[in-house]
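> Here's a structure for you.
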Amino acid sequence: ESDNPYVSDVFYALNDISSLLTLKLPNIDFLSDEEKTSILESFEHRKCMALHAMHYASSILDPRHKGQHLSQINDIAGVEYIFNVATAIMPEETQQIMIELAQYRSNEGLWSNNFIWSTEIKNLYPFTRWKGICGSSYLNKIAVAILSLPPSSAATERSFSTFSLIHTK
C-alpha cells in the first residue's frame, strides 16, 4: 500500500509469499489438511485477483527482472499491455517502441552496451534508471509511464479520501 511506485515488485512479492506458504504450511500441526488447502487456494485466488497485465509489463521493464519467472501467458499479457500503452501514448512510434522492447529483452542495440547492465546501474530503482540512463529511447517514455503506476489502489484511495471524495460511514 505504498505511495511509491514499486509496481514491478508486486508479482515477485506475491510469488515469494506463495512459495513460503507452500513450504511452511505442511509443517503446521494444528491445522487440518482441509484448512491448509483452503488457505493455499484462498491465497492463490487473491493473487489472481491482485495481479494484472500492468504488473507483468512492469516486471518486463524492470531490468532487475526483465520478466523472468513470468509464464508464457503472463509474458504475452505484459507485452500486450506495453503495446497498448504505446499505442495510447505514442501511436506514431508504436512500431519503434516494440522494436526497442525486443532489443531490450535480447540485449541488442542500445541495450548491448555492457555499461547499461553493470551492477551499479542495474540495481538502480527501475523508474530512476529509465529516466536517467535510457532517456534517449522511445521505450523510455512507456517504461516511465508504466513503472510510475501505483502498485495498488491504496494510494489513489488515500488521495480521494484526503479530498473527501470517498465517504465511508
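> Quick one: angle between helix 72-89 and the longest Cα principal axis of the chain, in degrees between 0 and 90, rounded to 10, please.
The angle comes out near 50 degrees.
> Is there a quick way to get the dipole size of the chain? I mean about its Cα centre, with the Cβ of Lys and Arg at +1 and of Asp and Glu at -1; what is the value in debye to the nearest 20?
Using Cβ point charges on Lys, Arg, Asp and Glu, the chain gives about 440 debye.
> If one takes the longest principal axis of the Cα atoms in the chain, at what angle in degrees, from 0 to 90 and to the nearest 10, does the Cα axis of helix 138-147 lie?
20
> Let me ask something additional. For the chain, take the longest principal axis of its alpha carbons; what is the angle in degrees between that and the long axis of helix 94-105, to the nearest 10 within 0 to 90?
Result, in degrees: 70.
> Run through all the Cα pairs of the chain and give the fraction in each 10 Å bin from 0, expressed as whole percent.
Binned Cα distances yield the sequence 9, 32, 30, 19, 9, 2, 0.
> Next question. Calculate for the chain the 222 nm mean residue ellipticity that helices alone would give, adding -39,500 (n - 2.57) per DSSP H run of length 4 or more and normalising by residue count, nearest 500 deg cm²/dmol.
After summing the helix terms and dividing by the residues of the chain, the value is -19000 deg cm²/dmol.
> Also, quick follow-up: Take the chain, connect every pair of alpha-carbon atoms lying under 10 Å apart with a spring to form a Gaussian network, then pick out the residue of Leu139, Leu23, Leu124 with the largest mean-square fluctuation.
The residue with the greatest mean-square fluctuation here is Leu23.
> What is the packing order of peptides 65-71, 27-33, taking the mean over residues of other C-beta atoms within 10 Å and listing the highest first?
Ranked from most to least packed, the peptides come out as 65-71, 27-33.
> Applying 1/(1 + (r/R0)^6) with R0 = 30 Å to the Cβ-Cβ distance of Ser19 and Glu108, what FRET efficiency is obtained, to the nearest 0.05?
0.40
> Related question: Pick from Gln103, Gln95, Gln72: which is most flexible by mean-square fluctuation in a GNM of the chain where alpha carbon atoms under 10 Å apart are linked?
Judging by the Gaussian network model, the answer is Gln72.
> Below 21 Å Cα-Cα, how many Lys pairs turn up in the chain? Only count pairs eight or more apart in sequence, or on different chains, if you could.
Total qualifying Lys-Lys pairs in the chain comes to 10.
> Now for a different question. Given N residues in the stretch 7-60, what is its alpha carbon radius of gyration divided by 2.2 N^0.38 Å?
Scaled against compact globular proteins, the figure is 1.30.
Laboratory data are not the source of any read-out in this text; all were calculated from the coordinates shown. Because the structure is a prediction, the values reported are computed rather than measured. Backbone-built Cβ (ideal geometry, glycine too); neighbour counts: all protein chains shown.
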